[in-house]
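The values are calculated or read from the model by the stated rules, or taken from the named source; none is laboratory data. All values derive from a computational prediction rather than experimental measurement. Here the Cβ positions follow ideal geometry from the backbone for every residue, glycine too, while neighbour counts run over all protein chains shown.
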Amino acid sequence: MVNVHDNLPCEPEPGATPPKIVLYADHARDVQIDFVNTGDEFLQHDKIALAKLSEAERREQENARALLWRHVLTYWEQGKANGWNPASRPEWESVAGMLDFVQALTAAAQDSLSGESGPLSLTVEEEDGVWVARSTEPELASQGSTRSAALRAFAEALELLEEEAV
């Protein structure tokens, strides 16, 4: 597989200015979070689709995704090399979200080759004013009280974050 971090062609460009990017009127409050949430939903479909491919096809997916990741990473790193601090610029939130997404896409393809199931999959819902977290994978839901305690803690953390946001 391509190592996405090797020899990125990023040198400061004298006189370069940040690109002018149009932010649409319905621009989300946090594009990166919206992008990641949509990506997480898609990755559930992707896992199913990858499972239907041969090992050779999954390896092709891994390499193609790594190249896309490298492309987006190079653009991001070039912005940093030019001193633009893309992490603090609203017009770069879409690039940050895409960077997170293509990294996750690449990891999904790698996981499909290694047989790993990927990160814990959870649903968190508010029921009667209380946050409830549940595993969406039946084999995880049956792992005893330690798993339940972790799910409760996760739900409580989300509740605290929601209170801070208000």
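Restricting the first member to region 1-21 and to residues that are within 22 Å of Glu93 (Cβ to Cβ), and the second to residues that are at pLDDT 75 or above and among the aromatic types (Phe, Trp, Tyr), the beta-carbon pairs closer than 6 Å and six or more apart or on different chains are Val4/Trp69; Pro18/Trp84. Is it the case that region 79-93 has a residue that's modelled with pLDDT under 85, among the hydroxyl-bearing types (Ser, Thr, Tyr) and loosely packed, with under 15 Cβ neighbours inside 10 Å? Within region 79-93 (the criterion being modelled with pLDDT under 85, among the hydroxyl-bearing types (Ser, Thr, Tyr) and loosely packed, with under 15 Cβ neighbours inside 10 Å), the answer is no, since none of the residues qualifies. Scanning region 6-56 for residues that are modelled with pLDDT under 75, exposed (fewer than 10 other Cβ atoms within 10 Å of the Cβ) and within 20 Å of the chain's Cα centre (by Cα) yields one hit, Arg29. Within region 50-87, the set of residues being assigned to a helix (DSSP H, G or I) and of a type in the set (Lys, Arg) comprises Arg58, Arg59, Arg65, Arg70, Lys80.
Residues of region 43-89 that are in contact with a Leu (Cβ under 6 Å, 6 or more places away or on another chain) and of a type in the set (Asp, Glu): Glu77 alone.
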